[in-house]
Amino acid sequence: MELEHSFTIPVPPEQAWEVLLDVERVAPCMPGATIDAVDGDVISGRIKVKVGPIALTYAGTARFTEKDERSRTVSLEASGKETRGTGTASATVRSTLQDLGGQTRVTVHTTMNITGRPAQFGRGVMVEVGSKIIEKFAQLD
Amino acid sequence: MIPAKFDYARPSSLDEAVRALADGGEDAKVIAGGQSLLPLLRLRLAFPDLLVDIGRLNELRGVHDEGATLWIGALTTHDQVLHDPLIAEHCGLLAAAAATVADPAVRHRATLGGSLSHADPAADLPAVAAALDATITARGPAGDREIAAADFFVDYLTTSLAPGEILTGFRVPKLGADWGYHYEKFHRTAQAWAIVGVAALARRSNGHVAEARIGLTNMGTVPVRARAAEQAAAGAEASRSALRSAAELADAESQPPSDLHGAPDYRRHLARVLTGRALAAASRV
């Protein structure tokens, strides 16, 4: 399943690049995310996704596979297992920063694979939930 | 599967239930008939720390005639809705839609309040609440509150109920005898969820439709009012062809989901066709 999101942040790309790559600094902005450890390019942590009465927590690792400052592209591979179920989730997230003259447009392309019970939600809900998470992540306050 | 562990409280008054829920924090859930929540628990998709069982709160049962409105308690089951004479007389659409929900065993357990507060976009009664211009009544730590159906459903499985608030009932304006209604549901097997559902109300006058209201099931993350089609139907001749052309606008406000049961375009097509049928039936043509 492929998802596409984008958001704009009011700082130039050079500054955005620094901040977005500082995992421990941006993780608290990600709704439901907790970082357990950062070891070089490998991050281990958990993410809790809530949709009404449904609450899913995935624990796993994420790894930077590409950090190209010239094209301002960063790729991250993540995989995790449900902490209280048998499902798994894996994703490749490729983000590109675009200069909008003092502002930065961030385009996030996600290729995601979900197994187990949560997979039955279908794509519509995944896009909705993904958009909400990214929207909150990009909020200034 | 066996649900994960949870605490269980069965209060004997509404205020006690509100307190128990508020004290339980964000992972406390209300349980009534359990027809939506229990499957989630058994599939291990929901892990509440506390379930507050409101099944003993008899004050939340039954249908009350308030003059211009009916108040239907949250614990009223689908089966009771189906057989209630006041509902049949003043808002028959609700009974017509409740009759299409699942099977008799489920309808004997499932409650009106549960169906509304679960806010599944594929469930039938939320779209009916939208079409009926109903208000939802709720009680929380801060007291009683009324929420218009249009403001109640905010997202997929998400309502505007605050943490600690319990849905107490459903208030619906009585409709006169000149209003017709129909719930048109499209599903592949008898007990399945609606792929698309259409709740239609129409007031007839002199061979024309004077006023129409249309609520759509499963055409977005929340129930959708098809306002453009409503406006096109108002004043139209009460004929199949005129109502069918009004129904061409049925999907104008929708953002239908894509899942195993159908792509958005397919759902849009269904919404237009089913709205034409539902409007015709509601207008008695």
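Taking the options A:Ala59, A:Ala55, A:Ala78, name whichever one is in contact with a Lys or Arg (Cβ under 8 Å, 6 or more places away or on another chain) and modelled with pLDDT under 90.
Residue meeting the stated conditions: A:Ala55.
Do you know which residues across region B:255-284 are part of a loop (DSSP other than H, G, I, E, B), out of contact with any helix residue (DSSP H, G or I) (no Cβ under 6 Å at 6 or more places or on another chain) and surrounded by 19 or more Cβ atoms within 10 Å (Cβ to Cβ)?
B:His261, B:Ser283
Take the conditions within 18 Å of the chain's Cα centre (by Cα), of a type outside the set (A, V, I, L, M) and either buried (at least 22 other Cβ atoms within 10 Å of the Cβ) or not in a helix (DSSP H, G or I) (or both) and apply them to B:Gly34. Does it pass? Even if it seems obvious, please write down each step before you answer.
Values: within 18 Å of the chain's Cα centre (by Cα): yes; of a type outside the set (A, V, I, L, M): yes; either buried (at least 22 other Cβ atoms within 10 Å of the Cβ) or not in a helix (DSSP H, G or I) (or both): yes.
Taking the combined requirement at face value, the residue satisfies it.
Across region B:215-254, what is the total count of residues that are free of Cβ contacts under 8 Å to residues at least 12 places away in the same chain and in a loop (DSSP other than H, G, I, E, B)?
Looking only at that region, the number is 0.
Taking the residues in region B:114-158 that are outside any helix (DSSP H, G or I) and either polar (S, T, N, Q) or not assigned by TED's automatic domain parsing to the domain that holds B:Thr76 (or both) as candidates, determine which candidate is surrounded by the fewest Cβ atoms within 10 Å (Cβ to Cβ).
Going residue by residue through region B:114-158, those that are outside any helix (DSSP H, G or I) are B:119-123, B:132-148, B:153-158.
Narrowing further to those that are either polar (S, T, N, Q) or not assigned by TED's automatic domain parsing to the domain that holds B:Thr76 (or both): B:135, B:137, B:158.
Working: B:Thr135: 22, B:Thr137: 21, B:Thr158: 16.
That would be B:Thr158.
Scan (1) aliphatic (A, V, I, L, M); (2) in the same structural domain as B:Val101 (by TED's automatic domain parsing); (3) surrounded by 22 or more Cβ atoms within 10 Å (Cβ to Cβ) for the single condition B:Val224 breaks and write down its number.
Looking at each condition in turn, B:Val224 falls short on (2).
A quick yes/no check of all residues on (1) more than 10 Å from chain B (Cβ to nearest Cβ); (2) in a strand (DSSP E or B):
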residue	(1), (2)
A:Gly85	no, no
A:Gly101	yes, no
A:Thr107	yes, yes
A:Met112	yes, yes
A:Ala119	yes, no
A:Glu128	no, no
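Which of the residues that make up region A:75-113 are of a type in the set (Val, Ile, Thr) and in contact with a Phe, Trp or Tyr (Cβ under 6 Å, 6 or more places away or on another chain)?
If we filter region A:75-113 for residues that are of a type in the set (Val, Ile, Thr), which is where we start, we get A:83, A:86, A:88, A:92-93, A:96, A:104, A:106-108, A:110-111.
Residue satisfying the conditions is A:Val106 alone.
Only one residue in B:Leu40, B:Leu51 is within 14 Å of chain A (Cβ to nearest Cβ), free of Cβ contacts under 8 Å to residues at least 12 places away in the same chain and not acidic (Asp, Glu), so which one is that? Break it down into steps so the answer makes sense when it comes.
Values: B:Leu51 fails: free of Cβ contacts under 8 Å to residues at least 12 places away in the same chain.
Result: B:Leu40 is the single residue among B:Leu40, B:Leu51 that is within 14 Å of chain A (Cβ to nearest Cβ), free of Cβ contacts under 8 Å to residues at least 12 places away in the same chain and not acidic (Asp, Glu).
If I filter region B:103-113 for residues that are surrounded by fewer than 24 Cβ atoms within 10 Å (Cβ to Cβ), closer than 28 Å to B:Arg203 by Cβ and within 11 Å of the chain's Cα centre (by Cα), do I get at least one hit? Steps first, please.
We begin by selecting, within region B:103-113, every residue surrounded by fewer than 24 Cβ atoms within 10 Å (Cβ to Cβ); these are B:103-109.
Narrowing the set further to residues that are closer than 28 Å to B:Arg203 by Cβ leaves none.
No, that holds for no residue.
When region B:77-88 is examined, which residues are found to be surrounded by fewer than 24 Cβ atoms within 10 Å (Cβ to Cβ) and in contact (Cβ under 8 Å) with a residue 24 or more places away in the chain?
Start the filter on region B:77-88 by keeping residues that are surrounded by fewer than 24 Cβ atoms within 10 Å (Cβ to Cβ), which leaves B:77, B:79-80, B:82-88.
Passing the criteria: B:Thr77, B:Asp79, B:Leu82, B:Ile87.
For A:Met30, all conditions in the list (1) within 17 Å of A:Gly130 (Cβ to Cβ); (2) within 14 Å of chain B (Cβ to nearest Cβ); (3) modelled with pLDDT under 85 hold save one; what is the number of the exception?
A:Met30 satisfies all of (1) within 17 Å of A:Gly130 (Cβ to Cβ); (2) within 14 Å of chain B (Cβ to nearest Cβ); (3) modelled with pLDDT under 85 except (2).
Against the definition (outside the structural domain of B:Leu75 (by TED's automatic domain parsing), surrounded by fewer than 21 Cβ atoms within 10 Å (Cβ to Cβ), over 20 Å from A:Val51 (Cβ atoms) and touching a strand residue (DSSP E or B) at 6+ places or on another chain (Cβ under 8 Å)), how does B:Ala17 come out, yes or no?
Numbers: outside the structural domain of B:Leu75 (by TED's automatic domain parsing): yes; surrounded by fewer than 21 Cβ atoms within 10 Å (Cβ to Cβ): no; over 20 Å from A:Val51 (Cβ atoms): yes; touching a strand residue (DSSP E or B) at 6+ places or on another chain (Cβ under 8 Å): yes.
No; evaluated as a whole, the condition is false for this residue.
What number of residues within region A:87-96 satisfy the criterion of being out of contact with any Asp or Glu (no Cβ under 9 Å at 6 or more places or on another chain) and not in a loop (DSSP other than H, G, I, E, B)?
Going through region A:87-96, the residues out of contact with any Asp or Glu (no Cβ under 9 Å at 6 or more places or on another chain) turn out to be A:87, A:95-96.
Narrowing further to those that are not in a loop (DSSP other than H, G, I, E, B): A:95-96.
Going through region A:87-96 one residue at a time, the tally reaches 2.
The values are calculated or read from the model by the stated rules, or taken from the named source; none is laboratory data. Quick caveat, the model's predicted, so the values are computed rather than measured. We place every Cβ from the backbone using ideal geometry, glycine too, and count neighbours over all the protein chains shown.
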